[in-house]
1. Out of the residues in segment B:207-216 meeting the condition of being touching a helix residue (DSSP H, G or I) at 6+ places or on another chain (Cβ under 7 Å) and open to solvent by less than 50 Å² (accessible area, probe 1.4 Å), tell me which one is farthest from B:Thr166 (Cα to Cα).
2. Hey, can you tell me all the residues within segment B:6-32 that are in contact (Cβ under 8 Å) with a residue 24 or more places away in the chain and farther than 16 Å from B:Val315 by Cβ?
3. Here are C:Lys78, C:Lys124: which of them is basic (Lys, Arg) and over 30 Å from C:Gln45 (Cα atoms)?
4. Which of the residues that make up segment B:144-175 are among the charged types (D, E, K, R) and touching a strand residue (DSSP E or B) at 6+ places or on another chain (Cβ under 6 Å)?
5. Looking at segment C:7-19 only, could you name the residues that are within 11 Å of C:Pro145 (Cβ to Cβ) and surrounded by fewer than 19 Cβ atoms within 10 Å (Cβ to Cβ)?
6. Taking segment B:272-297 as the region of interest, how many residues are in a helix (DSSP H, G or I), open to solvent by 30 Å² or more (accessible area, probe 1.4 Å) and either in the same structural domain as B:Val18 (by TED's automatic domain parsing) or in contact (Cβ under 8 Å) with a residue 12 or more places away in the chain (or both)?
7. Here is a list of conditions, (1) surrounded by fewer than 24 Cβ atoms within 10 Å (Cβ to Cβ); (2) within 22 Å of A:Phe62 (Cβ to Cβ), and A:Glu143 meets all of them except one; can you say which number that is?
Amino acid sequence: MTTMPRFQSLVALEGGHVESAAQFSRKQIDELLELADLLMTRDRQGQDTDVLARRVMVPLFFESSTRTFSSFCAAMAKLGGHVVYLPLESSSMTKGETLEDTARAVDSYADVVVMRHPDAQAFKRVTSVTRHPVVNAGNGIGEHPTQSLLDVFTMVAELGTVDGLTIALVGDLKHGRTVHSLAKLLTNFAVKHLYFVAPPQLAMPDDVIEFVRSRNLSVSSSSSLTDEILSSVDVLYVTRVQKERFQSSADYESVKGHYVVTKALMDKAKARMVVMHPLPRVDEISTEVDDDPRAAYFRQMRYGLFLRMALLVAVLGKTASVC
Amino acid sequence: MTTMPRFQSLVALEGGHVESAAQFSRKQIDELLELADLLMTRDRQGQDTDVLARRVMVPLFFESSTRTFSSFCAAMAKLGGHVVYLPLESSSMTKGETLEDTARAVDSYADVVVMRHPDAQAFKRVTSVTRHPVVNAGNGIGEHPTQSLLDVFTMVAELGTVDGLTIALVGDLKHGRTVHSLAKLLTNFAVKHLYFVAPPQLAMPDDVIEFVRSRNLSVSSSSSLTDEILSSVDVLYVTRVQKERFQSSADYESVKGHYVVTKALMDKAKARMVVMHPLPRVDEISTEVDDDPRAAYFRQMRYGLFLRMALLVAVLGKTASVC
Amino acid sequence: MTTMPRFQSLVALEGGHVESAAQFSRKQIDELLELADLLMTRDRQGQDTDVLARRVMVPLFFESSTRTFSSFCAAMAKLGGHVVYLPLESSSMTKGETLEDTARAVDSYADVVVMRHPDAQAFKRVTSVTRHPVVNAGNGIGEHPTQSLLDVFTMVAELGTVDGLTIALVGDLKHGRTVHSLAKLLTNFAVKHLYFVAPPQLAMPDDVIEFVRSRNLSVSSSSSLTDEILSSVDVLYVTRVQKERFQSSADYESVKGHYVVTKALMDKAKARMVVMHPLPRVDEISTEVDDDPRAAYFRQMRYGLFLRMALLVAVLGKTASVC
């Protein structure tokens, strides 16, 4: 009698790219979260794993980022792996090199590349020439798959499951690749209801709404965060409403108040629910909420660390070594 | 019969912050120096220790530094640990994030944070929200505790002890956090006499003098480096006198000559003594002194490496693993 | 009966500097290539070596570089070693520190320094004060020894040997330290014939030609890449012809066409030969050539990784640990 190996669905991720939240099966998502949870438990118990020793990750960031960049670097380090930090500002790209040639150079010594680029098409241009796995860490208005995976991991870690939850995505739903990826990823779960709460100017794009509806998710849109929504949600997922997206200051001021999470607002929410935010936050969550046990946005970053560790282990084909 | 564990007083440092030179007991200082010496001996014998494998240090530097920054990074590496290098110039802080939120982000994946900030209050703001140890690598005009610990380690390594020494701190004693921290730390030892040698405009602040006196150290101030001082000191600790601190060039030129260590000056010093400097030096020590065996300022940097290794081991709770 | 240890000639490299391609004996070159090949084979088989654990490399780059910089960093990481990344832009050098003092600071914690500097004399200034090995990664118009070693490694890996080959160096031969180092290094081999192909304004300097001739290499110069040359070479080594080197656009346009490698040109070359380029390339090799199996310029970067690993192992005295 043979036993099924653990994390069997993750074998298919070995050596492949991570481009979109839509590329994963429910089984793969579940196993990635299970692997992330295993790594988090081990860390808590002081038993770390060294499975990526002598492996090299290269962050290829053409757009500024501190949080995602350093989270990936720490994930690599905690698995015993190394990071090569490129001096991009002084790069050969200034000598007129193409993106493809730069990618080939990095690919010549990297075991895995983590890439962020302002142009949504750049990811495909890079993966067309590289032999090693490339992980999308944000491609323009496109996707940010590791953010949405860590968002789902946060929900599971905090509330036990995503199935059956009522979730509200709040803020600028038009420009945020984070909420686009998350909405798509949530279609893998039996979400009870999904609210899109945004001012009309910043509403969720129709194609995302269509995609979500086509996968039979119960969805509704609202231009304000009503008491009804607030009192029913298990997850309040807040994003920034940037002043500069509005035509006038008056427009901004008129909607701003509806999207700021305050202590008063939290009094209307369930006793057991979580507030999440991809961070950095500016004014959209009042600091007075920080000490509320339901404020999960700082814990969310730490879940992200373990989720990214799980993903790196998977694409580098080391899940068997973790077990 | 049970044996006392070695480095027992360092257990109290585990998980705690390193903010000020004044926070350490004499016992802790002695054991830190003993641990640094042990690590240095092991390094010389080619037996290194891997006690910080998979641990992550994050340097959070809001002020430029090459020497302290890289000394800490190398200390971590030599213990098998990893460093996450933040792209601070492109940081989320430019998106209006608070220092506290940036600190929470770093704290979510770091095992230890090393921080430098131009504002003396920033250290407390950061440690009010972090769960992992933070080491002060210079906070404005405040303190620079690891520099003064390495200064004391240098004295012990070069001269066998600090007790009984005659020490002169020379140069700009008004603005240098290095000499402020060092003066305070020296009150833990039976220093024979401490000279503060500075032009009147750059004299040691009264509160530091008061602190040192209140701890019963024999202290005197002088506006010039007299032959009497020079011939009596075991340690000549030189700091920069920056031209821009003076109201006029004439003022600067009038005092400059008294604070430059030359070969001629060294002829008046004891045969067994050391010249120290926190570096970088510009003109205040002539390069002709570099080959003098009493010139300890370059060796001082290397002592700093092992002292910082000892401190990282202590705050990360790994002293037992070193023994 | 005792066996000769493997890589015996590399023992002499331990602790020493790598300044010039001319410093190596033929035996040392052969053994470096053999060691690089061994490391490459091991990597392919998934058996990596950890021989530089806890060793610290510091890249001291005073001139921009992405390729060489990151290749060295990855080489260190793949051997289990660490890299300390200096924030040079915010360096103490801006406080007026001398190059020598900066070098001493780095030398106080580095096990090996990799240096690039626009001034050809800087390398000697640095090595005059450091105790640890320094590897030249390009010193002005001087040398770039690791590039020429990897060039030779590429030839051996792709064609089995350098002895007996016909080689053409093409492009700007006047300003490129890469081709100067390579020409010198090739005098260690029984090269059949060496062509220098460059427009008259960018011809190989006389001293390099003299050096090569004095070592009995068969050499000839040409101002264009003739069919005769093209059909006879085993190695076509292309470098950039930079427009800004010419007095007028007309001058540039008149020669440009002769130095661009196209598919049509490749039709005239041997079936078994390689095209090489130190990269980055801009227009001098058409992208339509990239898929030609004879296009070795991207593979060349990967050979460079293993060659630099071999060199780091040698200067850090760890060849015995690899065997």
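1. Among those that are touching a helix residue (DSSP H, G or I) at 6+ places or on another chain (Cβ under 7 Å) and open to solvent by less than 50 Å² (accessible area, probe 1.4 Å), it is B:Val208.
2. Once the filter is applied, which keeps residues that are in contact (Cβ under 8 Å) with a residue 24 or more places away in the chain and farther than 16 Å from B:Val315 by Cβ, segment B:6-32 yields B:Arg6, B:Ala22, B:Arg26.
3. Working: C:Lys78 fails: over 30 Å from C:Gln45 (Cα atoms).
Result of the check over C:Lys78, C:Lys124: C:Lys124.
4. Step one: list which residues in segment B:144-175 are among the charged types (D, E, K, R), which gives B:151, B:158, B:163, B:172, B:174.
Residue satisfying the conditions is B:Glu158 alone.
5. So in segment C:7-19, the residues within 11 Å of C:Pro145 (Cβ to Cβ) come out as C:17-19.
Within segment C:7-19, just C:Glu19 meets the criteria.
6. Filtering segment B:272-297 down to residues in a helix (DSSP H, G or I) leaves B:287-289, B:297.
Imposing the further condition that a residue be open to solvent by 30 Å² or more (accessible area, probe 1.4 Å) reduces the set to B:287-288.
Imposing the further condition that a residue be either in the same structural domain as B:Val18 (by TED's automatic domain parsing) or in contact (Cβ under 8 Å) with a residue 12 or more places away in the chain (or both) reduces the set to B:288.
Qualifying residue count for the region: 1.
7. Of (1) surrounded by fewer than 24 Cβ atoms within 10 Å (Cβ to Cβ); (2) within 22 Å of A:Phe62 (Cβ to Cβ), only one is false for A:Glu143: (1).
Rundown of residues vs (1) away from chain B (no Cβ under 11 Å); (2) under 27 Å from A:His144 (Cβ atoms); (3) not β-branched (Val, Ile, Thr), yes/no style:
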position	(1), (2), (3)
A:Glu253	yes, no, yes
A:Ala271	yes, no, yes
A:Val274	yes, yes, no
A:Leu279	no, yes, yes
A:Ser286	yes, yes, yes
A:Asp292	yes, yes, yes
A:Gln300	no, yes, yes
A:Ser321	yes, no, yes
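The values are calculated or read from the model by the stated rules, or taken from the named source; none is laboratory data. Source: prediction; values computed, not measured. FYI the Cβ positions are ideal-geometry reconstructions off the backbone, even for glycines, and counts take in every protein chain you see. When the accessible area is computed, the model is the full protein with side chains, heavy atoms only, and any ligands, DNA or RNA have been set aside. Shrake-Rupley method; radii C 1.70, N 1.55, O 1.52, S 1.80 Å.
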